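Reviewing the structure listed below.
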């Protein structure tokens, strides 16, 4: 094989090695960028979840406070209504400690107590719904924290992939070199190779008949 052909073959091996290195670097940079993006997304989601949980907790407290205020207002109104009823009965000369008047007063008091209980129950139910939403948000935050902590878990697989690229590149380079060395006879300047045959050039310039080689 001529010196020019040998130089081209060696250059091809060098290009294979450089290409392998570039491919490995690209894989490494891609993995780093992906890990950074995953961590940023997980951190953002964790913050959003924490904010949502805090908001829902505050809404739950607001519902309880509103329920307390509504119940106290209803109880004041009930007390005034019961007082006015007793005053009207007294002004009319009716007995309030027995008979139908006593039953009427007892019924009115029971209705006011029921209304008060409904207000409390509604407030607790509304608060409970916000508590559930807060719990869901907290769980989402835990999931985001886990995703952040495990954002680089694929690094091992990426390193294995880069190792495979390296080994593949080395194998390709070795194979190219082996193939080149097998078809290049020592000192064979000016020889011609065609497929699995070679024609050796005599110092006089004359070519031999094609010789097959394995």
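We did not get these values from a lab; they are worked out from the coordinates using the rules stated. Predicted model, so just to flag it, every value in this text is computed and none were measured. All Cβ positions, even for glycine, are placed from backbone atoms using ideal geometry, and neighbour counts span all protein chains on display.
Determine the distance separating the Cα centre of segment 101-125 from the Cα centre of segment 35-57; give it in Å without decimals.
45
With each label point set 7 Å from Cα along the Cα-Cβ vector, what nm distance links residue 118 and residue 32?
Spacing of the two 7 Å Cα→Cβ label points: 6.7 nm.
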